[in-house]
Amino acid sequence: MSLVDVEALVSQYLRSQSEVTAYVGQRVYTALPETKAYPLVRLTRVGGVPPMSRPLHMDAARIQIDVFGGSKATTLDTMDAIREELAKVVDEAPVQPLGVVCGVRFGPLAYLPDADFEPAKPRYTLDVTVTVRPAPLPPT
């Protein structure tokens with residue numbers, strides 16, 4: 001059994017939540033596309049440690065969530081919607097084929113305008129630790 005692709009699981013989950021898609025549509029990515037439409041969300045695994053070494057199936061992945069574009073207020077509203085959805089994923093989300101979310105712990109939220117644009121484009125960034133395990137195998 002291999003570890004869960006946490007970036008794929010979380011991005012798929014967020015794209016299925018109307019509170020998030022109201023702001024960004026389906027623009028929740030694990031890598032930014034060459035042609036970008038804003039606002040958008042990028043998820044990047046930046047670290048994490050499995051909570052136990054054996055059996056190696058659980059993972060506590062540290063994900064950085066970046067919300068780019070729109071006004072500063074819209075960017076923050078989008079991040080708030082993401083936080084609300086992730087806060088309830090453990091209680092309300094069904095088992096997904098990609099895995100099961102066992103816990104979510106939020107880290108710092110920061111406003112870091114993207115200076116690659118003139119003027120700088122609004123960007124909020126949030127660190128989240130998402131603990132996951134593989135979905136149960138279907139009976140054979």
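Nothing in this text is a laboratory measurement; each read-out follows from the coordinates by a stated rule. Source: prediction; values computed, not measured.
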*Would you kindly derive the ³J(HN,Hα) couplings of region 40-57 from the backbone phi angles with the Karplus curve 6.51 cos²θ - 1.76 cosθ + 1.60 (θ = phi - 60°), listing them in order in whole Hz, with x for Gly and Pro?*
8, 10, 10, 10, 9, 6, 10, x, x, 9, x, x, 8, 7, 9, x, 8, 9
_On C-alpha positions alone, give me the angle between the axis of helix 72-92 and the longest principal axis of the chain, in degrees, nearest 10._
10
*Using Cα atoms only, what is the angle between the long axis of helix 6-15 and the major principal axis of the chain, expressed in degrees (0 to 90) to the nearest 10?*
60
*Using only the C-alpha atoms of region 47-140, find the volume of their convex hull and express it per residue in Å³.*
120
*Remind me, relative contact order of region 1-95 in percent, using alpha carbon pairs under 8 angstrom and six or more residues apart?*
26
_Limiting things to C-alpha atoms, what are the Rg and the maximum Cα-Cα separation (Dmax) for region 28-68, in angstroms?_
14.1, 43
*Can you give the percent of C-alpha pairs in region 1-98 whose distance is more than 20 Å?*
40
_J(HN,Hα) series, region 20-29, from Karplus relation 6.51 cos²θ - 1.76 cosθ + 1.60, nearest Hz, glycine and proline x_ = 8, 5, 4, 9, 10, x, 8, 7, 10, 10
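Report relative contact order for region 46-140 in percent, whole number only (criteria: Cα-Cα under 8 Å, sequence separation at least 6).
Relative CO of region 46-140 lands at 36 percent.
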